[in-house]
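Asker: The structure follows.
The values are calculated or read from the model by the stated rules, or taken from the named source; none is laboratory data. Values in this document were obtained by computation on a predicted structure and should not be read as measured data. Don't worry about glycine lacking a Cβ; one is built from the backbone with ideal geometry, like all the others, and counts go over all protein chains shown.
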Amino acid sequence: MRDEKRIPTGCSEEHSVAQLLAHLQQLRRSVPVNYHLKAELKKQLLQRIKELDKDRQQSLLGPRTGKLRRVWSLTGGVVLLAIAVWYGVWPHGVLTVRQPSLLAMEGPANPERVDLDAGGSRIAYVTDSSTIRTFDLDEPAAKADVSLPVDHGDFTSLSWSNRAARLAVVEQQGETSRLWIVDVPDDKRPGSSRLIKEEEGVAFHSPSWSPADDSIVYTRTSDGVEEIWVSSIVSMRDWKVAEGSQPEWSPDGRLLAFTKQGSVFVMEMRSGRTTLVGRGGWPSWNGEASLTFTTPEGTLAEAEVDVQPPVLREMPIRSWEGGRLVRAHWSADREHLLLVQAGDETENTFVVSLASR
Amino acid sequence: MAMAMKRSARPSSDSSAEYYESRDFTELYDEYFDRVNRYLRCRVQNPWDADDLTTTVFLKALEKFDQYSRTSPFASWIFRIAHNTYVDFMRKNREFPVDQDNLLGGEPDDTWQPERQALTNEEIRLLRDRLEKLTQDQRDVLTLRYFADLKISQVAEVLGKTESSVKMISYRALHQLQKMYEGGEGE
């Protein structure tokens, strides 16, 4: 239909504008509303309201404790500063292995079965393909298991979210692959889990959260073809973004790094423009426009990707005892780096260490 | 809800100086979700992005709800958050290149309102194309006024402009838009 029919000409100017307003009103009514999202988001908000209520009650109960803690923190900080000055060392900014060989993993050759939380203080890993275990780096001996409602399949990979004690977990059961979101239990809340996606005849891998934790990007392999898909955990929609694997969102969500045919690429999400970074795999962002990845030689490379072509250099790690690095993954605060190293004798053994700036 | 989100119930009056919003967050959410979702679906090409932005808006609103004074309309407050969220999104250039078929047609969605059938996707596309030819201020004013359904005073509050300025921008934008429709521009 032509506009002349919708908005007749030849009338007075005011009349035409009135017609236009009526047309705009009609168009407004025709824009669809996502009522499914409305219901789902309401549940999420009600849950958040409960959490805020709890936090408020706790903050009302414990202001003195908080003050005391601040005093202790301040004292501790001054002591640490004095020690650093005494030794003439200021380690910040230099990547140094702080906790070597904190975990040895056996099983399928899959370095994505372990991840570090956003603050670099907690590890989650798959133990024997059917158990997810977490522990605080301060207390490595106090491990806790996380359960899912089903226990038929094998857990193949996991990823911590950026803002909460939450994991994205992939379960593979025969030909069926499932993507779960698991809320890790703590003193205040029991754990819970939600199935995000289930598909037959495919295998999901390498999940990674969007900066706002509202979407998960992952690899979907079907008939040997690796594709990168995004699933919104809010609207429950999913869509393909590229061909490749091991996707990782940049901290501002502008870029997506991924691996394809043994090389690392970066894609601008808006335009879809893709840039080759270099040979290697397992890209992980350590800045808004800077990422690291492991090279085929088992070293760590760093790339500045806001210049063309990207600038590459080898990233030194102090106190690293050598060995072939398989995967290196930054915590969301970009201060800590999880290092997954191949075992001495077999590729089926991995040693996990932690380096920090 | 239990936390300080429910306050004394007093009658709301949008027009008087004694305006007081007494409803709790969930009631306001029920009322304003549709308007915010429509506004963002009108502004952002990809409906999935619009839905994600809608989620962000209400999560932000909940976190900041204690800062809402209740003596000014909730519409101005929530749409200021919605508008800023949209501006941030555009600044970060996060929009995916979108297949136009996905825009409003594409796959069927039974959650969508039945009225959508009454108008073609072509008309919405045309409007979007024509809005793109207006200035940023004109687009902001028209979408907040006619798609978010805000009053002139509320649009002024969201955009930090005077009411007379908003009226002038709106007047000029409507006349320009009307000329485009008359000329069949963008078809």
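Asker: Touching a residue at least 24 places away in the same chain (Cβ under 8 Å), on the phi > 0 side of the Ramachandran plot and within 21 Å of the chain's Cα centre (by Cα): does that describe residue A:327?
Answerer: In short, no.
Asker: Name, by its number, the condition in (1) over 18 Å from the mean Cα position of the chain (by Cα); (2) of a type in the set (Ser, Thr, Tyr); (3) within 14 Å of chain B (Cβ to nearest Cβ) that does not hold for residue A:210.
Answerer: With respect to (1) over 18 Å from the mean Cα position of the chain (by Cα); (2) of a type in the set (Ser, Thr, Tyr); (3) within 14 Å of chain B (Cβ to nearest Cβ), residue A:210 is out only on (1).
Asker: Is there a residue being part of a loop (DSSP other than H, G, I, E, B) and within 14 Å of chain B (Cβ to nearest Cβ) anywhere in segment A:200-207? So that I can check it myself, show each step before the final result.
Answerer: Just the residues of segment A:200-207 that are part of a loop (DSSP other than H, G, I, E, B), to begin with: A:201-202.
Then keep just the ones that are within 14 Å of chain B (Cβ to nearest Cβ); that gives none.
The answer is no; no qualifying residue exists.
Asker: Restricting the search to segment B:135-178, which residues are part of a helix (DSSP H, G or I), within 13 Å of chain A (Cβ to nearest Cβ) and hydrophobic (A, V, I, L, M, F, W, C)?
Answerer: B:141, B:142, B:144, B:147, B:173, B:174, B:177
Asker: Identify, by number, the condition in (1) farther than 22 Å from residue A:317 by Cα; (2) touching a strand residue (DSSP E or B) at 6+ places or on another chain (Cβ under 7 Å); (3) surrounded by fewer than 17 Cβ atoms within 10 Å (Cβ to Cβ) that residue A:278 doesn't meet.
Answerer: The failed condition is (1).
Asker: Count, please, the residues in segment A:234-263 that happen to be in a strand (DSSP E or B), touching a Leu at 6+ places or on another chain (Cβ under 8 Å) and not polar (S, T, N, Q). Even if it seems obvious, please write down each step before you answer.
Answerer: Restricting attention to segment A:234-263, the residues satisfying the condition of being in a strand (DSSP E or B) are A:238-243, A:245-249, A:255-260, A:263.
Then drop every residue that is not touching a Leu at 6+ places or on another chain (Cβ under 8 Å), which leaves A:241-242, A:247-249, A:257, A:263.
Filter once more, keeping what is not polar (S, T, N, Q): A:241-242, A:247-249, A:257.
Total satisfying the criteria: 6.
Asker: For segment A:213-246, give me each residue that is touching a His at 6+ places or on another chain (Cβ under 9 Å) and within 14 Å of chain B (Cβ to nearest Cβ).
Answerer: A:235, A:236
Asker: If I ask for residues that are modelled with pLDDT under 90 and of a type in the set (Ser, Thr, Tyr), which ones from segment A:272-291 would you list?
Answerer: A:274, A:275 - these are the residues of segment A:272-291 that are modelled with pLDDT under 90 and of a type in the set (Ser, Thr, Tyr).
Asker: Could you please find all residues in segment A:15-50 being more than 7 Å from chain B (Cβ to nearest Cβ) and either in contact (Cβ under 8 Å) with a residue 24 or more places away in the chain or among the small types (Gly, Ala, Ser) (or both)?
Answerer: A:18, A:22, A:39, A:40, A:44
Asker: Suppose the filter is in contact with a helix residue (DSSP H, G or I) (Cβ under 7 Å, 6 or more places away or on another chain), within 9 Å of chain A (Cβ to nearest Cβ) and under 26 Å from residue B:72 (Cα atoms); does residue B:181 pass it?
Answerer: Taking the combined requirement at face value, the residue does not satisfy it.
Asker: OK, next. Restricting the search to segment A:298-357, which residues are touching a helix residue (DSSP H, G or I) at 6+ places or on another chain (Cβ under 9 Å) and in a loop (DSSP other than H, G, I, E, B)?
Answerer: None; the set is empty.
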